[in-house]
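**Student:** Sharing a structure, written as structure tokens. Questions coming.
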Amino acid sequence: MSSPALRAALKTDIVVIGAGQAGLSSAYHLKKLGLTPGTDFVVLDQAPHPGGAWQFRWPSLTLSTVNRVHDLPGLGFAAFAGQDETVKASVAVPHYFAAYEDHFDLKVLRPAVVSVVCDRGDRLRVESDRGLFSARGIINATGTWENPYIPTYPGADTFQGRTLHTRDFKSAQDFVGKHVLIVGGGISAIQLLDQISRVTRTTWVTRTPPRWREGPFDEDAGRQAVALVEERVRAGLPPRAVVSVTGLPVTPTVVSMRERGVLERLPMFTEITPEGVRWDDGRTRAVDVILWCTGFRSALDHLAPLGLREESGGIVMTGRLATQVEKDPRIHLVGYGPSASTIGANRAGAAAARELTDYLKLTA
């Protein structure tokens, strides 16, 4: 009986998992602190091309409609696409990210799917389909796009219509002639409700009444919103989306939707039937499509062997911007909790890079 072949792991100080905004920000700051890309730290990204989740966004999402695209540190976005707000975000932002990687020579290895991270004493073993890596520390920036969330409702498996999630959406034209039930109270739900309601009949349901925010949303307001989410993760509670505390902005598009009558929201149903949905008072509504705009959850399954989660399902976070895992300070999560938005990702990348290199004594 032959013994299994041993595979050598490439040794490096830090592995950055993910090359979206949070991952690239982290890599930029690691390099700025004096670490060499490809040697002192390695960036792994499972996407086929630069751009993070932006490369998978629906085609109708343009630069004029995206929710606060922020520059990456050290190289502004406007030079690449800011001059034309009609360009597709799924084209412009990946173009910018690719140029950013090249400009700073970040040497991102892709596609590289990380399957598991294990503790090996003073090192962490990172297993991927592009090889094994042995690291002293990890900055995890896998975000949420790969982990869409659809809540469980009785009867879901009996529905005879079409069920899909935000990440599956391509075009409102796909639903012409259909009655579309849109579930969710976030910004994506509003964007898709606007588009679909222009071509066909829609019904909008949310778990709680939507919170509308009048007036401007400046940087200070954004920081305050992030701070509220940060409180949860420092306590080890599962994070909530930043929009849950910021509210929904009343934009000209929202005003137009009100005038068209498409923002007449219904409470959540209690059951899915073969023909549609049913509420607890017996009311029913027949629909052809259920579109779940119910968000995403952090994609952290590859970290499960490390036992980072509490009984609550959350992870106790510490550090200046709550990126460091309290149970294992060698691990930083960026794009998690308060940094799971463009409001916090850049600052979190800087904090994680500095705190991890300090902890590992990699910088003076």
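**Student:** Going by the structure shown, is Asp102 closer than 30 Å to Asp358 by Cβ and surrounded by fewer than 15 Cβ atoms within 10 Å (Cβ to Cβ)?
**Tutor:** So Asp102 passes the test.
**Student:** Also: Got a number for residues in segment 17-39 being part of a loop (DSSP other than H, G, I, E, B) and either more than 22 Å from His302 (Cβ to Cβ) or under 18 Å from the mean Cα position of the chain (by Cα) (or both)?
**Tutor:** 8
**Student:** Right, another one. Scan Arg285, Arg330 and give me the residue that is among the basic types (Lys, Arg), at pLDDT 95 or above and not assigned by TED's automatic domain parsing to the domain that holds Gly20.
**Tutor:** Going through Arg285, Arg330 in turn, the sole match is Arg285.
**Student:** Right, another one. Just give me the residues in segment 154-190 being of a type outside the set (Lys, Arg), surrounded by fewer than 18 Cβ atoms within 10 Å (Cβ to Cβ), out of contact with any helix residue (DSSP H, G or I) (no Cβ under 9 Å at 6 or more places or on another chain) and in a loop (DSSP other than H, G, I, E, B), in sequence order.
**Tutor:** Pro154, Gly155, Gln160, Gly161, Val176, Gly177, His179
**Student:** Specify the residue that is modelled with the lowest pLDDT; the eligible residues are those in segment 251-264 that are of a type outside the set (Val, Ile, Thr) and loosely packed, with under 15 Cβ neighbours inside 10 Å.
**Tutor:** Pro252
**Student:** Of the conditions (1) touching a Gly at 6+ places or on another chain (Cβ under 6 Å); (2) assigned to a helix (DSSP H, G or I), Leu193 clears all except one; give me its number.
**Tutor:** Here Leu193 clears every test but (1).
The values are calculated or read from the model by the stated rules, or taken from the named source; none is laboratory data. Remember, predicted model here, so these are calculated numbers, not experimental data. Backbone-built Cβ (ideal geometry, glycine too); neighbour counts: all protein chains shown.
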